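The values are calculated or read from the model by the stated rules, or taken from the named source; none is laboratory data. Everything quoted here is computed from the prediction, not taken from an experiment. Methodologically, a virtual Cβ is constructed for each residue, glycine included, from the backbone with ideal geometry; neighbour enumeration extends over all protein chains shown. Only protein heavy atoms, including side chains, enter the accessible area calculation; ligands, DNA and RNA are left aside. Shrake-Rupley method; radii C 1.70, N 1.55, O 1.52, S 1.80 Å.
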Amino acid sequence: QVQLVESGGGLVQAGGSLRLSCAASGRSIRGYFMAWFRQAPGKQRELVAAITDGGQTREADSAKGRFTISRDNAKNTVFLQMNVLKPEDTAVYYCAADPAYYLTSYYSETAYDYWGQGTQVTVSS
């Protein structure tokens, strides 16, 4: 069993930056497929970015060019660097993990076995 705890959320003005962290415990995330999802008020949970154990990444169109997912297996941590934040980025951001090396349905929240509790990101205009 792996536990995930997100941190780094907060209130930021449009155009600003935040770096979210997802600290895993209980076991190593080495070999795990990791992702960040978000859920805004009145909207479904959606993929922000995903990363394989080998460092291959996938991003939602809304995140491309602004957000970067990365991982440090030695620190058992996954990061989401968010730049040029927009009010529409306001959401609860969740870290997700699955022991599969690669998920063909990485874009779907149902593909992931483990979730954090989320961290709030609010972007003011």
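Couple of notes before you dig in:
- Of THR52, THR57, all but one fail to be open to solvent by less than 20 Å² (accessible area, probe 1.4 Å) and of a type in the set (S, T, N, Q); the exception is THR52.
- Within the stretch 36-47, the residues that satisfy the criterion of being farther than 13 Å from GLY116 by Cβ and in a strand (DSSP E or B) are GLU46, LEU47.
- Selection within the stretch 18-38 - open to solvent by 50 Å² or more (accessible area, probe 1.4 Å) and touching an Asp or Glu at 6+ places or on another chain (Cβ under 7 Å): ARG30
- Any hit, the stretch 14-29, residues being farther than 25 Å from TYR102 by Cβ, at pLDDT 95 or above and either among the acidic types (Asp, Glu) or in a strand (DSSP E or B) (or both): yes
- Of the residues making up the stretch 82-125, those that are of a type outside the set (Ser, Thr, Tyr), within 14 Å of the chain's Cα centre (by Cα) and within 17 Å of GLN56 (Cβ to Cβ) are ALA96, ALA97, ASP98.
- Only one entry in VAL92, VAL48, VAL84 is at positive phi and aliphatic (A, V, I, L, M), namely VAL84.
- The set of residues in the stretch 60-80 that are open to solvent by 60 Å² or more (accessible area, probe 1.4 Å) and outside any loop (DSSP other than H, G, I, E, B) comprises THR68, ALA74, LYS75.
- Within the stretch 81-103, the set of residues being under 20 Å from GLU6 (Cβ atoms), in a loop (DSSP other than H, G, I, E, B) and hydroxyl-bearing (Ser, Thr, Tyr) comprises THR90 only.
- Residue in the stretch 40-49 that is more than 25 Å from GLU88 (Cα to Cα), at pLDDT 95 or above and loosely packed, with under 15 Cβ neighbours inside 10 Å present: no
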